[in-house]
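Accompanying notes for the structure given below.
The values are calculated or read from the model by the stated rules, or taken from the named source; none is laboratory data. What you see is a predicted model; the values in this text were computed from it and never measured. Here the Cβ positions follow ideal geometry from the backbone for every residue, glycine too, while neighbour counts run over all protein chains shown.
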Amino acid sequence: MARHVVAASSEIAPGDRKLVDAGGRAIVIFNLGGEFFALANRCPHQAGELHKGKLCGLVRSPEPGVYEYTREGEMIRCPWHSWEFDVRTGKSWCDPARIRTRRYDVKVEHGADLVEGPYVAETFKVAIENDYLVIDV
C-alpha cells in the first residue's frame with residue numbers, strides 16, 4: 001500500500017470536504033467534527049462526483065406522523081441521481097449490504113512523523129507546526 005500526504009488537517013474545516021488526488025485516484029475527504037473520512041469521488045451508480053454532492057442527514061419515523069432528523073452532515077447525496085452514502089462507511093442508504101462507494105482509511109499524522117522515502121540526504125532541523133492528512137491507497 002502506498003502512502004500519500006494529501007492535505008494539512010487545517011485545510012478542511014469541520015463539516016467541510018476537500019477533493020484530493022492520491023496516486024491518480026480522486027478521493028474526497030470529509031471532516032465530521034474533527035474526525036476525517038475518505039471516499040472515492042465516484043458514485044457506483046453512474047460515476048457522479050460525490051464531492052459536488054450535498055451533505056445531509058437521515059429522516060426516520062418511529063411511528064406515523066413522527067419524524068426524527070439524525071446524523072446531520074454524515075450522509076453524502078450524489079448530485080446526479082441523489083443516491084445517498086454514509087460518509088463514515090461508504091455504504092449506501094438504500095442497500096447497504098450490496099451498494100457502496102470505496103472507503104479509504106485516513107490518518108492524521110504529525111509532520112515530524114512522516115518519512116519521505118529510502119533516500120539519505122543532508123538534513124537540517126525543522127520545526128513542525130501542523131498536522132497532515134495521510135491516505136493509504
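With respect to (1) farther than 22 Å from residue 131 by Cα; (2) outside any loop (DSSP other than H, G, I, E, B), the lone exception for residue 4 is condition (1). Checked across the stretch 49-72, the condition of being within 19 Å of the chain's Cα centre (by Cα) and farther than 19 Å from residue 32 by Cβ holds for at least one residue. Restricting attention to the stretch 76-108 and to residues that are crowded, with 18+ Cβ neighbours inside 10 Å and among the aliphatic types (A, V, I, L, M), the residue that is farthest from residue 134 (Cα to Cα) turns out to be 76. Can you confirm whether the stretch 91-101 contains a residue that is closer than 20 Å to residue 1 by Cα, touching a Gly at 6+ places or on another chain (Cβ under 6 Å) and at pLDDT 90 or above? For the stretch 91-101, residues closer than 20 Å to residue 1 by Cα, touching a Gly at 6+ places or on another chain (Cβ under 6 Å) and at pLDDT 90 or above: present. Number of residues in the stretch 33-48 that are over 9 Å from the mean Cα position of the chain (by Cα) and either assigned to a strand (DSSP E or B) or not polar (S, T, N, Q) (or both) equals 9.
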